[in-house]
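Chemist: Here you go, one structure.
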Amino acid sequence: MTDFAHPALLVVAALAPLAALALLLVRRRRQRVPALAVSRPRFGRILDGAAVTLALAGLTAAWVAAAGPRRPAPAAPAPAGLDLVLLLDVSGSMGRPTGGGESRLSEALKVADRFLDSRPVDRVALVAFANRSAVVAPLTRDHAAIRRLARAVTAGALGRGTALGDALAVAKGRLDGSPRGSGAIVAVTDGLSNAGALDPRTAAVTLAALGIPVDTVAVGAAGASADGPDRALLRDIAVATGGHHLVAGDATAVEAAFAELSRLRPSPRGGEEAVAWEDRSHQPAGWAAAALLLAGSLEMAGRRVWG
C-alpha cells in the first residue's frame, strides 16, 4: 500500500501541468503568425506536440515525487524487555564526599551506569528527587540519553531534603501503562526520608500490591543519621516489594541484584516504535527526469525541422 508523506502536494501535481498547458496555449495564440503557421512541416508540429506532452508529464511526475510516495517497510519487532525506573537522589547531601573523596552523587552515577549496562534491551525512565521529584526522562531505550541527563542533574537542584515516599509515587506513575510484572524501580539514595507527604513504607505497600519490586541502593555512610542512609527503611522497602537492599560499594552484589531483574516477565513493545517507511520518491523522480530530458530532445529536433 502506497502512502504519501506530503499528500497536499498531489493537488499541485494535478493543477501545475494544467496551469502550464493553459499558459502555453495563451502564449502560442498571441505569438501565432498566420503566414508562417501554414508553412511549418507537419512532422515538426508532431515533434512540438510530443515535447509539450512529455514536459507536462515530467512536471506532474516531479510534483508526485515531491509529495513523498512511500510504503510501509518490513521492520523487525521491538525486542521484549522490562520497564524500569531509575530513582536518583539529588538532595543536597549528595554533594558531600564519600570515603574515597568523590561526591556521593558521583558514586550514585557509577551505580546508574552499572544498572544501564546490565539491562541493554529494557526501557528505562529517570526520575530525580529531593524535596520534590522531577521526571528527567520518560521510558526509553536510549540509554546514552539517560546517562547524559543523569550527569546534568546537580545535588540540591530539587531541594535539600529527601522525600522518598513521594518519589516512589512518581516512579510508580511512569509504570502505569506497563503490564503487571514487567516493571520495577531502582532507588539510589543516601538520605533519610525527611520530607514529603507520603510515608515510604505506605508507598512500598502500594507498589507490592501492584507487583512492582523496588531495589534500594544505599550510597554514603551506613547508619540512620543525618549524614547517611536509613538502612532499615531501605531494607523494609525492598523486602516489602520483593526487591533487594544493596550498598553502593558492594559492586558484586549490586550487579547480581540488577541481573536478577530478569526474573520479571519481559513484555514485547510492538506499538512503541515509529512506523518504518520505505521511500519510493525515486521512481516518479526518475520518470520526471526521463520525460523532461526527452521533451528537450524533441524540442531541439522540432526546431531543426522548422529551421
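Chemist: Using every alpha carbon pair in segment 113-172, what percent of pairs falls into each 10 Å bin from 0 up to the bin containing the largest distance?
Modeler: Once binned at 10 Å, the Cα pair distances of segment 113-172 give 23, 49, 27, 1.
Chemist: Between Ser281 and Ala197, what is 0.36 nm times their sequence separation minus the Cα-Cα distance? Round to one decimal in nm.
Modeler: 24.5 nm
Chemist: Mind sorting Arg104, Arg114, Arg141, Arg148 by how few other Cβ atoms lie within 10 Å of their own Cβ, fewest first? Could the numbers behind the result be given before it?
Modeler: Values: Arg104 27, Arg114 16, Arg141 19, Arg148 11.
Listing Arg104, Arg114, Arg141, Arg148 from fewest to most nearby Cβ atoms yields Arg148, Arg114, Arg141, Arg104.
Chemist: Using amide H atoms built 1.01 Å from N in the peptide plane, name the residues 5+ places from Val85, or on other chains, whose amide H lies under 5 Å from its own.
Modeler: Amide H neighbours of Val85: Ala125, Ala184, Ile185, Val186.
Chemist: Given H placed 1.01 Å from N in the peptide plane, which residues other than close sequence neighbours of Val247 have an amide H under 5 Å from its amide H?
Modeler: Residues meeting the amide H criterion: Ala218.
Chemist: Still on this structure, I have one more. Please report Leu246, Leu9 as a ranked list, fewest other C-beta atoms within 10 angstrom at the top and most at the bottom.
Modeler: Details: Leu246 24, Leu9 17.
With the fewest neighbours first, Leu246, Leu9 line up as Leu9, Leu246.
Chemist: Moving on to the next point. Going by average Cβ neighbours within 10 Å, how do the peptides 132-140, 234-242 rank, with the highest at the top?
Modeler: So the peptides 132-140, 234-242, ranked by packing, come out 234-242, 132-140.
Chemist: Take Thr252 and Arg160, extend 7 Å from each Cα along the Cα→Cβ direction, and tell me the distance between the two endpoints in nm.
Modeler: Label at Thr252, label at Arg160, 4.0 nm between them.
Chemist: Taking amide H atoms as placed 1.01 Å from N in the peptide plane, list the residues 5 or more away in sequence, or in a different chain, whose amide H sits under 5 Å from that of Ala128.
Modeler: Leu88, Ala134, Val136
Chemist: Suppose R0 equals 41 Å; then what is the FRET efficiency for Thr206 and Glu102 from their Cβ-Cβ distance, rounded to the nearest 0.05?
Modeler: 0.75
Chemist: For a distance above 31 Å, tell me the whole-number percent of Cα pairs in segment 83-263 that qualify. Write out the running numbers ahead of the final one.
Modeler: Values: 714 of 16290 pairs.
Taking all Cα-Cα pairs of segment 83-263, the fraction more than 31 Å apart is 4 percent.
Chemist: Rounded to whole Hz and in sequence order, give me ³J(HN,Hα) for segment 107-120 from the Karplus expression 6.51 cos²θ - 1.76 cosθ + 1.60, θ = phi - 60°, writing x for Gly and Pro.
Modeler: Here the 3J(HN,Hα) series is 5, 5, 5, 5, 4, 4, 4, 4, 4, 5, 5, 7, 10, x Hz.
Each value in this text was obtained by applying a stated rule to the coordinates, not by laboratory testing. It should be emphasised that the depicted structure is a prediction, and the values quoted were computed from it without experimental measurement. As a convention, Cβ positions derive from the backbone with ideal geometry for all residues, glycine included, and neighbour counts pool all protein chains shown.
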